[in-house]
Amino acid sequence: MIMTRDRLHTIGWGMALTICFALMMALTVRVNAVKSEVRLADRQINELNREKMLLDTEFQTRASQQQLTAFNDVDFGLEAPKPAQYLENERQLAVLGKAASPDAPPQIRVASADTDGRPGIVSAAGPLAGRIIGSAVAGEVPRDGVRKPLRASQLEDRLSQVGSRSAERAE
């Protein structure tokens with residue numbers, strides 16, 4: 001089989017294109033590998049920068065602590081608390097509190113109990129409003145903000161008044 005010159009040209013160009021395509025693919029793979037290495041190096045640089053910032057902060061903090069210690073020794077003379085200065089319970093903490101101002105709202109109440117064992121209605125004072133929250137009927141709350149617990153017979157009357165007042169407000 002004899003090949004003509006045109007046929008050899010076509011095969012030669014095909015081989016050249018195939019070789020160029022293979023070289024281009026190899027070059028693309030190599031470029032992507034270098035890009036990956038660059039990204040990895042960039043991440044490592046960022047990590048090292050973060051670590052450097054943390055170490056700088058640590059160094060400055062320790063230097064600041066030494067400076068504060070020197071200031072304290074020379075100027076302030078403060079000491080660490082001793083065991084006798086700690087409070088044992090909440091009551092000791094409450095004793096340290098100052099009295100409420102005259103215009104302060106009454107304290108918030110969170111629970112109430114009858115002496116006969118039946119639970120009463122709990123009223124709470126709103127710290128911002130300074131009035132009793134949960135009051136069913138206005139005017140039934142004494143001036144000191146403390147309401148006496150209701151008995152079961154009084155509760156039914158009170159709930160009926162609440163229902164009638166809420167219906168009046170809706171109109």
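Some notes on this structure:
- Taking all protein chains together and a 1.4 Å probe, the residues 90, 58, 37 rank 90, 37, 58 from largest to smallest accessible area.
- With distances taken between every two different alpha-carbon atoms, region 1-109 has a Kirkwood hydrodynamic radius of 24.0 Å.
- In terms of Cα atoms, the Rg and Dmax of region 33-79 work out to 19.6, 63 Å.
- Set of region 41-65 residues, backbone N closer than 18 Å to the point 7 Å along the Cα-Cβ line of residue 80: 62, 65
- Taking all protein chains as shown and a probe of 1.4 angstrom, residue 29 keeps an accessible surface of around 100 Å².
- Accessible-area composition of region 3-48, carbon plus sulfur, in percent [1.4 Å probe]: 68 percent
The values are calculated or read from the model by the stated rules, or taken from the named source; none is laboratory data. Here the structure is a predicted model, which is why all the values come from computation and not from measurement. Neighbour counts run over all protein chains shown; Cβ positions are idealised from the backbone, glycine included. These area figures cover heavy atoms from the full protein model, side chains too; ligands, DNA and RNA do not enter into them. Shrake-Rupley method; radii C 1.70, N 1.55, O 1.52, S 1.80 Å.
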